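The values are calculated or read from the model by the stated rules, or taken from the named source; none is laboratory data. Keep in mind it's a predicted model, so treat the numbers as computed, not measured. So basically every Cβ, Gly included, is an ideal-geometry build from the backbone, and we count neighbours across all protein chains shown. Please note that ligands, DNA and RNA were not included when accessible areas were found on the heavy atoms of the full protein model with its side chains. Shrake-Rupley method; radii C 1.70, N 1.55, O 1.52, S 1.80 Å.
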Amino acid sequence: MDAFDDIRDLLRRDHELALSELDALRECDPADCRTRLQKLRRAWVIHALAEETVVYRALEGAEASASSARADERFVEHDLIDGLFQKLDRGRAGTSEWTAQLHVVRDLVARHIDTEHDETFAKLAQRFDSEGLCTLGHQFKLAREKLTMLEEAKAA
């Protein structure tokens, strides 16, 4: 990846990876699911925090109060998804309840991503030129790297 990636490209890649990993969990051997789920949850938390810190904050000043309500929803969706990941982690992989929860998580993540691609990406394009989008991309990468280091330190 180039150091000058457009923020939308970086977000799109993270989103595609999350959906791909969720789909892979559907076919996962129950013995391997917990490890894969923990890795996905960690990646989701890092992505969400970096996105909130860089992207949502960059757009906050430009949004009207009606749009701010939608911005608040994005934060809530991130928390809901993380909570569902925690619930999956406590459950027994392969059971019908676990599979149902996985489907709900996947649907919520997909809806969240669709809304971001439709609304957030459009707002980014309106507010920032190509250079600004690349600057946000660089800031997002740095935030992800720092958050990854913090997560690794917590795990150690």
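Remarks
- Any hit, segment 116-130, residues being open to solvent by less than 30 Å² (accessible area, probe 1.4 Å) and under 19 Å from Phe85 (Cβ atoms): yes
- The residues on offer are Leu133, Leu84, Leu88, Leu59, and the sole one that is at pLDDT 95 or above and open to solvent by less than 70 Å² (accessible area, probe 1.4 Å) is Leu133.
- One residue stands out in segment 102-115 among those that are loosely packed, with under 15 Cβ neighbours inside 10 Å and of a type in the set (D, E, K, R): the one that is farthest from the chain's Cα centre (by Cα), namely Asp107.
- Checked against (1) at pLDDT below 95; (2) surrounded by fewer than 18 Cβ atoms within 10 Å (Cβ to Cβ); (3) of a type in the set (Lys, Arg), Arg41 passes all but a single condition, namely (2).
- Test for Gln139: is it surrounded by 14 or more Cβ atoms within 10 Å (Cβ to Cβ), without any contact (Cβ under 8 Å) to a residue 40 or more places away in the chain and assigned to a helix (DSSP H, G or I): no
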